[in-house]
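Chemist: If you scroll down you'll find the structure; I have some questions about it.
The values are calculated or read from the model by the stated rules, or taken from the named source; none is laboratory data. Since this is a predicted model, take the numbers as computed values, not measurements. Every residue, glycine as well, gets a Cβ built from its backbone with ideal geometry; the counts of neighbours run over all protein chains shown.
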Amino acid sequence: MNAVSYILLGLAAGILSGLIGIGGGTIIVPALVLFFGMSQHLA
């Protein structure tokens, strides 16, 4: 289940960052911290 969630997050972040023109880390790091409970260092 976690692997599917990570893949969906990556796809959504890739599409969103591609449309807006920003780096993917701007979206992925906060999402991993908020939704998956990771530390910022690990994310």
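Chemist: For region 1-21, enumerate the residues that are exposed (fewer than 14 other Cβ atoms within 10 Å of the Cβ) and among the small types (Gly, Ala, Ser).
Modeler: The answer is Ala3, Ser5, Ala12, Gly14, Gly18, Gly21.
Chemist: Another question, if that's okay. Identify all residues within region 1-21 that are hydrophobic (A, V, I, L, M, F, W, C) and at pLDDT 90 or above; write none if there are none.
Modeler: Initially, region 1-21 is screened for residues hydrophobic (A, V, I, L, M, F, W, C), giving 1, 3-4, 7-9, 11-13, 15-16, 19-20.
Listed by number, the residues that qualify are Ala3, Val4, Ile7, Leu8, Leu9, Leu11, Ala12, Ala13, Ile15, Leu16, Leu19, Ile20.
Chemist: Still on this model: Quick one: is Leu16 of a type outside the set (Val, Ile, Thr), out of contact with any Ser or Thr (no Cβ under 8 Å at 6 or more places or on another chain), in contact (Cβ under 8 Å) with a residue 24 or more places away in the chain and part of a helix (DSSP H, G or I)?
Modeler: Numbers: of a type outside the set (Val, Ile, Thr): yes; out of contact with any Ser or Thr (no Cβ under 8 Å at 6 or more places or on another chain): yes; in contact (Cβ under 8 Å) with a residue 24 or more places away in the chain: no; part of a helix (DSSP H, G or I): yes.
So Leu16 does not fit the description; no.
Chemist: Within region 22-43, count every residue that is in contact with a helix residue (DSSP H, G or I) (Cβ under 7 Å, 6 or more places away or on another chain), closer than 17 Å to Ile7 by Cβ and either at pLDDT below 90 or surrounded by 14 or more Cβ atoms within 10 Å (Cβ to Cβ) (or both).
Modeler: 5
Chemist: Can you name the residue in region 19-43 that is assigned to a loop (DSSP other than H, G, I, E, B), on the phi < 0 side of the Ramachandran plot and of a type in the set (Gly, Ala, Ser) and is also farthest from the chain's Cα centre (by Cα) among such residues?
Modeler: Residues of region 19-43 assigned to a loop (DSSP other than H, G, I, E, B): 21-24, 37-43.
When the remaining residues are screened for being on the phi < 0 side of the Ramachandran plot, the result is 22-24, 38-43.
From what's left, of a type in the set (Gly, Ala, Ser): 23-24, 39, 43.
Details: Gly23: 11, Gly24: 7, Ser39: 13, Ala43: 9 Å.
The selected residue is Ser39.
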